[in-house]
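First up is the structure itself, then whatever we jot down about it.
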Amino acid sequence: MALDEDTHLLLLMHFLIRTTRRNGLQNVMQHSKSESRRRRKYRLRTYHLHSQQQIMMLLLLRERQMRQYRAIHSSHFPFLRKFKPGDFLERFRMSKDTFIYLCDRLRNSLNRPGITPEEKVGIALWRLSSKNRSPSLNQNFREGRHVVNRCLKEVCQAIVTILKPIHLRPPDCQSLKDTARIFNSRWGFPHCVGALGSFPIPLSSNSRRDSTRALVLHAVVDGQGLLWEACACYPDNMSSATILENSALWELAQEKRLQTAPNYPFLGKAHNYFLLANSSYPLQSWLLTPYSKVGGLSLREEQYNLHLQRALSVAEIALLRLRARWQCLLAPSDYKMVPTVALACCVLHNMCETLEQRFDARWLEGVETMDLPVLPQSVCQSCPKDFQAESIRDAVCDYFSTQGKI
C-alpha cells in the first residue's frame, strides 16, 4: 500500500524527534559522568592538598617543639660534660637520667636568672650526699658558702613542694590492702602496713636551742622500704610516745583512715590495719609493740616478739640506707633548715628506691657503726589508754603460735 506524502512527512518527523531525544539523553548522561569524574578528581585533589598541609603543619610543630626542647636543655650540656656517668652516682647519688628527670620536674621553681637549675640541683645534691662541705664542691661550681646554702634551701623547698605529693604520701583506702599483702609476703607479719622508726639529726653548736642537741626524724616505712610518712621537727629530749601523739600519724589513726574494709577481715573481724613499733611507743589497737620482758615471757610471747622484731628491721634498713645515701643527716645542721632538708632527703630516698637507683655499699662505711644518742623511752602519761589493744595483741600472738616457728 503506497503512502502519501503527508504520511511520509509524519513518519520522518517522528523518527527525527526520537533520534534527537535519544541523542539528548546520551549527551546528558555523558555530561553527568564527566561532571562526576570532575568532582571526584576535585575531592581527591582537595583531600591530598589538605593532607599535605596537615603533614607540613605537624612537621613545623614538631620542629618548633624540638627547637624549644633544645633551647630548654641546652643548659644541660655545659654542666653535664663536667661529670662522667660514674661521677653522678658518687656525687649526686643517682644516675644521669634520674638527675635530668629531677631537674625537669623542678625547673619551673628554679628557673630564675643567675645559676641554672642544673647547677642548683647539682650543688644541693652534692651537699646532701656529704657529711661536710667538701672543698671539691667549690672547685666544680666556684660558688661561696652563702650561695651553696641558698641553693640547698631553694632546691629542698622545691622538692618538698613538687615531689612530696608524688613520692611520699600515706596509702589511700584502695592501696592499703596491697601494702599489707606486700608487707606480709616480705616480712611475715599479716595485716600490717608499716613499721615506725626514728633517728636523731645532730644540730650545729651555734644553732641549738635550749637543751636541744638534735632533731628527731620520725618515719613510717612500708614493706618495700619506702617511707610514707616522715617528719623531723621534734627535739631529742621528747619521748617517742609524745612524738607519736603530736604527729600526723596519730591524727590519721584517730580519723580511722587505717580501717580495713569489711570484706577483708583479719582473725574473723574487721580490725584496723596494724603499724609496728618498739617498746618505747604506746600499745594501741592499730600500733602493736613487743611484750615487756619484765616478769618473764612465755614461749608464745617470745615467738611473737621475734616476728615483730624481724618485721621492724625493714624500718632499720630503710633509715640506714637513707642516712648512707644522704649523709648530711649525719653531720651537724642548721636548726631552721633541718625539717625541710630531712623531708627532702626522704622524698629523694623514695624516688631513688622507686626508680631502682644503684646503692653503693661503700656509702655504709662509718654509718653502721655510728653511736647515735639514745632517745628517751618514757611513755607519755597523757596518751590515752586503748583497752582493746591488749586483746588484739594477744589474738595476733595466738595467730603466730598456730603458724609454728619462724
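The values are calculated or read from the model by the stated rules, or taken from the named source; none is laboratory data. Predicted, not measured: the structure shown is a model, and the values here were computed from it. Counting neighbours? That spans all protein chains shown, and the Cβs are built from the backbone with ideal geometry, glycine included. Only protein heavy atoms, including side chains, enter the accessible area calculation; ligands, DNA and RNA are left aside. Shrake-Rupley method; radii C 1.70, N 1.55, O 1.52, S 1.80 Å.
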Subset of the range 101-115 that is more than 22 Å from Trp363 (Cβ to Cβ) and among the aliphatic types (A, V, I, L, M) - its residue that is surrounded by the fewest Cβ atoms within 10 Å (Cβ to Cβ): Ile115
Tyr234 meets each of (1) open to solvent by less than 50 Å² (accessible area, probe 1.4 Å); (2) touching a helix residue (DSSP H, G or I) at 6+ places or on another chain (Cβ under 9 Å); (3) among the hydroxyl-bearing types (Ser, Thr, Tyr); (4) in contact (Cβ under 8 Å) with a residue 24 or more places away in the chain with one exception, condition (4)
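Tell me the residue from Tyr47, Tyr69 that is surrounded by 10 or more Cβ atoms within 10 Å (Cβ to Cβ) and either within 30 Å of Trp126 (Cα to Cα) or at pLDDT 80 or above (or both), please.
The unique qualifying residue is Tyr69.
Going by the structure shown, is Pro282 assigned to a loop (DSSP other than H, G, I, E, B), open to solvent by less than 70 Å² (accessible area, probe 1.4 Å) and not hydroxyl-bearing (Ser, Thr, Tyr)?
Values: assigned to a loop (DSSP other than H, G, I, E, B): yes; open to solvent by less than 70 Å² (accessible area, probe 1.4 Å): yes; not hydroxyl-bearing (Ser, Thr, Tyr): yes.
For Pro282, the condition - assigned to a loop (DSSP other than H, G, I, E, B), open to solvent by less than 70 Å² (accessible area, probe 1.4 Å) and not hydroxyl-bearing (Ser, Thr, Tyr) - is met.
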Among the residues in the range 290-306, are any hydrophobic (A, V, I, L, M, F, W, C), assigned to a helix (DSSP H, G or I) and surrounded by fewer than 23 Cβ atoms within 10 Å (Cβ to Cβ)? yes
I'd like the full set of residues that are among the hydroxyl-bearing types (Ser, Thr, Tyr) and part of a loop (DSSP other than H, G, I, E, B), limited to the range 153-192. Ser175
Just one of Ile243, Ile201 is open to solvent by less than 70 Å² (accessible area, probe 1.4 Å), touching a Ser or Thr at 6+ places or on another chain (Cβ under 8 Å), closer than 22 Å to Thr340 by Cβ and in a helix (DSSP H, G or I); which is it? Ile243
Quick count over the range 148-174, residues being over 15 Å from the mean Cα position of the chain (by Cα) and either open to solvent by less than 30 Å² (accessible area, probe 1.4 Å) or at pLDDT 90 or above (or both), is 8
Filtered residues of the range 175-185 (kept if among the β-branched types (Val, Ile, Thr) and open to solvent by less than 30 Å² (accessible area, probe 1.4 Å)): Thr179
